[in-house]
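The values are calculated or read from the model by the stated rules, or taken from the named source; none is laboratory data. Small disclaimer: the values here were computed from a predicted structure and weren't measured. Here the Cβ positions follow ideal geometry from the backbone for every residue, glycine too, while neighbour counts run over all protein chains shown. Accessible surface areas use protein heavy atoms only, side chains included; no ligands, DNA or RNA. Shrake-Rupley method; radii C 1.70, N 1.55, O 1.52, S 1.80 Å.
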Amino acid sequence: MTGELDTRLLRLKAELDDHARIARYLGLDFERPIQSLGDGYPENAIAWVGKITERLLKQLWRHHNVPGTPVGKTLKDLISGCRPYIRSHTVIEALHDIQRLRNRSAHDGYQIADEDGLTAVRRLLDVLAWYTSTGSGALSGHVPRLAPAVAAKAEFLAGLYVTLDYRLAKRFELSQHTVYQLFVRERGLRSEYVELLLSRDVSDVAKVLAVTGGELLQTRLPKLTRFLILENGSGEVPDALRDDCRVVTYDHFMDAFVDLGRHLADVAGLYPRLDAATVPVAGDLLTADERSGQMRITEAGAASALLDEVAASGGNLLIVGRPGSGKTTLLKQLVTSAAVAGARRYRFFFDLSLKDRAESFADFVARTLAPYMAVEAAYVYPAFCYFARAGSVMCAVDGFDEAVSELTQVGFLELFAELAEVLSAESAVVMTSRVSFLEDSPQVRRLMDGTSLMSEKLIQQLHAEGVDPLRVPRFSVLRLRDETSGGSLLGAQLASELGPEGQACSSVSGAAGPGGPGSPSDLDDLLWRHITQVVEPGLLPKVVEVFGLAFVRGVTMFTFVDLVNELGIEVFEGGRVSLGGFRLMALFRPAGPSGGWAAAGSGGAAVAFRHAAYQELLAAEFLRTAEGRAAAVTAASRPRLTEQVRQFLCRRGGDAAGTGDCILPAGVYVVGPGHYLMLRRIDRPVRLDRFPVTVGRYKRFLGAVARDGSARWDHPAMPAGYVHEPWRERLRVPGYYDDPAYDNHPAVAVNWWSAYAFARFEGKRLPTSLEWEAAARGTDGRLFPWGDQADLTIVNCADSWSDHPLITYEAWHEELGRGRLADALPGSVDAHPANVSPFGVREMSGNVWEFTATVLEDLNEAVICGGSFDNPYRAVQASSKGTYRRRGASNAVGFRCAQDLT
Amino acid sequence: MSTPRDMPPRRAPAQAGGQRFGRVIDRQPAGSGPGRRMGTYFVRDDETGATCSFDYSDIVTEGFRTIRTGERVRFLPDPANSGHAIYVIRLDLPDIEKYYE
């Protein structure tokens, strides 16, 4: 043993001796790891540390009645089971370090150094310090003395200091209501001490000091911070504590760490300011139905009242709504509300739209809260997490969908995993997001509800991200209504700011639609008017290009250097690069590293649009042209769009007016469901059949097959024995292929192989699913072939066979049970002249699903598009898709053909 | 309002008649036909090994109603009809990107 090792071992041994009571109580031998290290067997020391840790966790397991028995559990399982009862991030990390070291030492081929053994003991001491500080006699063998409420508070305080890298040096329970704790941490050669005296009230403290003659406080420790923390703050503080001791009540102890008042004042002062005029917002409170997984409205009313109700009950909540519907304002009202302050004294607001995509959530929180927290930068996030996990905190997370690295489930999971630290059972988290991203995505919706089932894939992804699926908290959803009597908040504010021009704009649009000022139907007009008021006409095309392209590249914050490089120095008044000189500032808000202009120099300062909808409108404007869409898609980038961009694009219209010749030009198109919108390129023009293949056309094919066989048209991989006759036994109408009345109906009950052969028979092919969807949606990404508006009179779907909309699965099922859908059938392909795409392609929505050339080889299934007479309205959108086995033949599946053009 | 603390367990015990998990093991080839006869599927409960049947209308979806043999599903035992599954939800649908490949 080297001299240095000897010294360190002696120090560790002394520290372990401080926990001798636990060793005696649990029958542990703290000498063994030290002895093993001294004998030169660090791997044995680690093994002993592992055994001791297991014993501690088993005791904790039994103490908290964790389901199941701890007997036979691995260290990993024990940590996992006990984790909910260990609030300190540091202790969790210590346990994982011990686990890692033990795994490594048990694995042949790894060299274990003395340093590893020392680290194991050091981490064990971190665990023991916390264990001791829990103040529970059942755990430590200590005779219970403290009142349980005081013990819990002492534990909270100890956990906080352990999180800040202190260790508990001394702990004395001086009475049932008073406890003394001394913490120390090393900073290089310097030691820092914190002394906490926690008591019920000053009279109890005075008694304790009288008994001890004040000796307790006669310490002369360097770098000492001394707190007297009282449960009840009234009364005269004893003289011995008056000079060098900060006296705080327990409820306000966190004030020593965080300047909450300043944080909330800054939140309220930034756009959208809470003193601005507001309009009432209505909302629906939804929870997931445990049977079907679908969301159900459980309460409706004023959104702010619903929000207060959830906040008071302590539940987690997701607020969803369209841009400008008032999500941010509601969230700000919540965190600054005095009513909420009673239940959750500490509220933090995070504007995730200001989070850099490459920045971790931890770094973002540290950057946001550092100006308000009195701890070193490295401890801002751990301290914040500790407060959050310990309860009494409300985290308001604004714009969740704007912070994900990519708008996919994987991107969501990454951020969710980062937030998992905060999403403990005792914190309240209120998040906002666009409707389209979170609520409309079935898989993510399930993720937001811990009672709902998650797919195995989702569970695997959660595990991969380090999130225990069983610990996923449950979220209720508050959905803000799109249109209220007053319109959207953003629209109303814009109408007010724009003056007579804005009022005129909103009144004109308002007359046309059901919404009031600022309703979704005219938000783009208001935003565009504001943009054109601020941006000079000559600069407008450049602004559209720069910020539109930036949006599809995922860039939403811009430094002054960016602005000068992209737009020219002219955007700064007199060439003065500063906040005051930025000519377009009316459209922006500060987004600098410190979150404020005052502290940011011009070099590091950045701006973001005052509301995401501005940049989304510029993106839509940019994507209106074929050149813009082509520029947005590069070999290295396959951008995703938001539903709001798509809506704006559809409202403002694409550049290709309907030609009516059924020709889909080569180019880039918006495709995908609302929560997964993509830009995809079509390389060659193609002409689609105007109508689905009819029974009449198919019978001509059958005639040709009967005469000549089908070998020359058959797919080379078609299994032997297949014939192209429809599956007549399956037809709902037995005479469907015999009665000429059905000749103009879509050919159904034929399989994919037959559809393929038919297309070849006509010298054509099946369209790919991408071609099919692009032909239906045109260049503006519309929801239905005719536009964004729902119209039951021009589509054959389940709702049109019923007398009311079939919104939910239950509604559809009940209607089926009543027999009302029994008459639903495919109809004539030319029955709905208005069911037409911008290129003139008819009957793409509803009637029958259509086979495409796109095949999922691993499943041996083909992609089908467009919905059918059997599906509710939501499933007959241009993006609606499913898969069907290639040999399948259904009454609800037909097809159409396509032809390449050179 | 449910709070995280009273979150029910993700997997309800078998006897509680709660959510079950299983795999579709068979599908009757019969179609709907003129008699409105619907095809029958069979799902085996992962935990109990019991087999339940269901028809296409029991599949919870707004889209095309079909299930492959071998697919994993969640379902509820029908309290009014022993051996029948209701609220059958498909668990592992393809990624959206797959529809555009």
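What the table shows:
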{"quantity": "Pairwise burial A:B, computed as accessible area of each alone minus the pair, summed, 1.4 Å, Å²", "calculated": "5300 Å²"}
{"quantity": "Sites A:Asp243 and A:Asp363 - FRET efficiency at Förster radius 60 Å, r taken between beta-carbons, to 0.05", "calculated": "0.90"}
{"quantity": "Spin-label pair A:Leu224/A:Gln789, simplified geometry with 7 Å Cα→Cβ offset, distance in nm", "calculated": "7.9 nm"}
{"quantity": "Relative contact order of the range A:1-126, pairs being alpha-carbon contacts under 8 Å that are 6 or more residues apart, as %", "calculated": "30 percent"}
{"quantity": "Distant-in-sequence amide H partners of A:Arg347 (H built 1.01 Å from N, under 5 Å)", "calculated": "A:Met394"}
{"quantity": "Shape of the range A:783-825, Cα gyration tensor, a/c cut at 1.5", "calculated": "prolate"}
{"quantity": "Cα-Cα P(r), the range A:1-107, percent of pairs per 10 Å interval", "calculated": "14, 41, 36, 9, 1"}
{"quantity": "Cα-projected label distance for A:Ala113 with A:Asp251, points at 7 Å along beta-carbon direction, nm", "calculated": "5.2 nm"}
{"quantity": "Exercise: per-residue mean of other protein chain Cβ atoms within 10 Å, B:61-73", "calculated": "6"}
{"quantity": "Residues whose placed amide H lies under 5 Å from that of A:Ile864, excluding near-sequence neighbours", "calculated": "A:Gly882, A:Thr883, A:Tyr884"}
{"quantity": "Simple label model, 7 Å out from Cα along Cβ direction - A:Asp562 to A:Asp259, nm", "calculated": "2.8 nm"}
{"quantity": "Cα-based shape type of the range A:719-803, given that a ≥ b ≥ c are square roots of the gyration tensor eigenvalues and the cut on a/c is 1.5", "calculated": "oblate"}
{"quantity": "With DNA, RNA and ligands ignored, accessible area of A:Arg322 (1.4 Å probe; Å², nearest 10)", "calculated": "70 Å²"}
{"quantity": "Karplus 3J(HN,Hα) series, Hz, for the range A:559-566 with 6.51 cos²θ - 1.76 cosθ + 1.60 (x for Gly, Pro)", "calculated": "7, 4, 5, 4, 5, 5, 5, 8"}
{"quantity": "Peptide A:890-901 - average C-beta neighbours from other chains (10 Å radius)", "calculated": "1"}
{"quantity": "FRET efficiency for A:Arg684 and B:Thr51, using Cβ-Cβ distance with R0 set to 56 Å, rounded to 0.05", "calculated": "0.65"}
{"quantity": "Most to least packed among A:837-847, A:183-193 [average Cβ atoms within 10 Å]", "calculated": "A:837-847, A:183-193"}
{"quantity": "Other protein chain Cβ atoms within 10 Å, averaged over every residue that makes up A:800-812", "calculated": "1"}
{"quantity": "Sequence-distant residues sharing a close amide H with A:Ala591 (under 5 Å, placed H)", "calculated": "A:Ala606, A:Val607, A:Ala608"}
{"quantity": "Positive minus negative residues near A:Gly703 (Lys, Arg vs Asp, Glu; Cβ under 15 Å)", "calculated": "-1"}
{"quantity": "Charge tally in the Cβ shell below 9 Å around A:Arg226, where Lys, Arg are +1 and Asp, Glu are -1, A:Arg226 excluded", "calculated": "-1"}
{"quantity": "Residue-by-residue Karplus 3J(HN,Hα) for the range A:692-700, coefficients 6.51, -1.76, 1.60, Hz, glycine and proline x", "calculated": "x, 4, 9, 4, x, 5, 5, 5, 5"}
{"quantity": "Shape metrics for the range A:66-204, restricted to C-alpha atoms - Rg then Dmax, Å", "calculated": "17.2, 62"}
{"quantity": "Calculated from backbone phi, Karplus (6.51, -1.76, 1.60) coupling profile of the range A:362-367 in Hz, x at Gly/Pro", "calculated": "4, 5, 5, 5, 4, 5"}
